[in-house]
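Report on the following structure.
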Amino acid sequence: MPLNIDHRGHADKSKCTCADRKTSSCTSTGKTGIAGAFLVVIWTFIIFVSLATTFSAAQARNRNDNSQAPETPPPPINPKLVTIFVVGDSTANNHANGGLGWGDPFINYFDTTKVNVLNRARGGRSSRTFITEGLWDKVLSEMKRGDFVLIQFGHNDAGAINDDSRARGSLPGLGEETQEIDNLLTKKHEVVHTFGWYMRKMIADTKAKGATPIVLSPTVRNIWKDGRVERGPGKYGEWSAEIAKSEKVSFIDVTKLIADRYEAMGEEKVKPLFGPDHTHTSPAGAELNASLVIVGLRMLKGKPFDRYLLAKGNAVAV
């Protein structure tokens, strides 16, 4: 008996007719399509955000690379040689935004087969925070009898004594005054001393090690008035001189050496010696300041550093 097969029953059910749209099966199919499209939009958005974040991070890394040059690895210390330490702030050790501190080119004036020269200055530190953060203890651990320590602070000592960003200021002056604080930055109780107290501590610690401390007044900022450059900041140069005198140690008036040279050059010629601000020097400015520190060292009684200088150092006019 022949079979009667109705082929109309095999119509494409994936397409809904107008009548079918009222059925549950057609409604389910439509919802699935909408959900799929929604997921595509979501995933597209996620991918876009991810790519944008990656691109922004790469740009940030590039900006950081441009503003912060890698620091030169410190030379190995020969324990058999005398060591000259540079202790201070970013005016002596700085690699940010194309700047440079004088402590790096300073090394190049010495014969490192005869003497170690270590730039232990640290940016952003004052006489107070160089001690409280343990940086001074690190220098002391490396120091030995016969070494020299160049100590230069002042630029950051006038900062806030207690805040939640830096809390680095020392009390002004040379006395024994103190101020007790609950440090908002370190979350520790602290007794803050005067600039003079911190400087005297470093001098005394150096002497106790059998080494020789030498006090330097601060570098000069690019601030001018009526053709004269500022010989500041504040009274830190004056206080540094008084501390050196009272403690019977050598003093180099770096402020005067630099300011005299700047004024001989004139304001316009001094501008390229600074970086993005009026405090931090460019590589050229750091080289000039280093050469003037060498001038100051060569002027010391007995000329204790001449024996360690290269021809470049001995060629510096005194």
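The values are calculated or read from the model by the stated rules, or taken from the named source; none is laboratory data. As the structure is a prediction and not an experimental result, all values here were calculated from the model. When we count neighbours, we look across all protein chains shown, and the Cβ atoms used for this are built from the backbone with ideal geometry, even at glycine.
Residues that are within 15 Å of Val117 (Cβ to Cβ) and in contact with a Lys or Arg (Cβ under 9 Å, 6 or more places away or on another chain) within the stretch 295-315 comprise Leu297, Phe305, Asp306, Arg307, Tyr308, Leu309, Gly313, listed in sequence order.
Results for (1) surrounded by fewer than 16 Cβ atoms within 10 Å (Cβ to Cβ); (2) touching an Asp or Glu at 6+ places or on another chain (Cβ under 6 Å), shown as yes or no for each residue.
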| residue | (1), (2) |
| --- | --- |
| Ala167 | no, no |
| Gly173 | yes, no |
| Glu177 | yes, no |
| Asn183 | no, yes |
| Thr186 | yes, no |
| Ala208 | yes, no |
| Glu230 | yes, no |
| Pro233 | no, no |
| Ala241 | no, no |
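Within the stretch 201-258, the residues that satisfy the criterion of being closer than 15 Å to Ser127 by Cβ and at pLDDT below 95 are Pro233, Gly234. With respect to Glu180, determine if the residue is within 26 Å of Thr132 (Cα to Cα), out of contact with any Gly (no Cβ under 8 Å at 6 or more places or on another chain) and not hydrophobic (A, V, I, L, M, F, W, C). For Glu180, the condition - within 26 Å of Thr132 (Cα to Cα), out of contact with any Gly (no Cβ under 8 Å at 6 or more places or on another chain) and not hydrophobic (A, V, I, L, M, F, W, C) - is met.
Yes/no per residue for (1) within 25 Å of Ile203 (Cα to Cα); (2) surrounded by 20 or more Cβ atoms within 10 Å (Cβ to Cβ); (3) of a type outside the set (Gly, Ala, Ser):
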| site | (1), (2), (3) |
| --- | --- |
| Phe251 | yes, no, yes |
| Lys256 | yes, no, yes |
| Arg261 | no, no, yes |
| Lys271 | no, no, yes |
| Ser282 | no, no, no |
| Ser291 | yes, yes, no |
| Leu297 | yes, yes, yes |
| Gly302 | yes, no, no |
| Lys312 | no, no, yes |
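Can you find, within the stretch 123-148, the residue that is surrounded by the most Cβ atoms within 10 Å (Cβ to Cβ) among those that are hydroxyl-bearing (Ser, Thr, Tyr), outside any loop (DSSP other than H, G, I, E, B) and out of contact with any helix residue (DSSP H, G or I) (no Cβ under 6 Å at 6 or more places or on another chain)? Checked the stretch 123-148; the qualifying residue surrounded by the most Cβ atoms within 10 Å (Cβ to Cβ) is Thr129.
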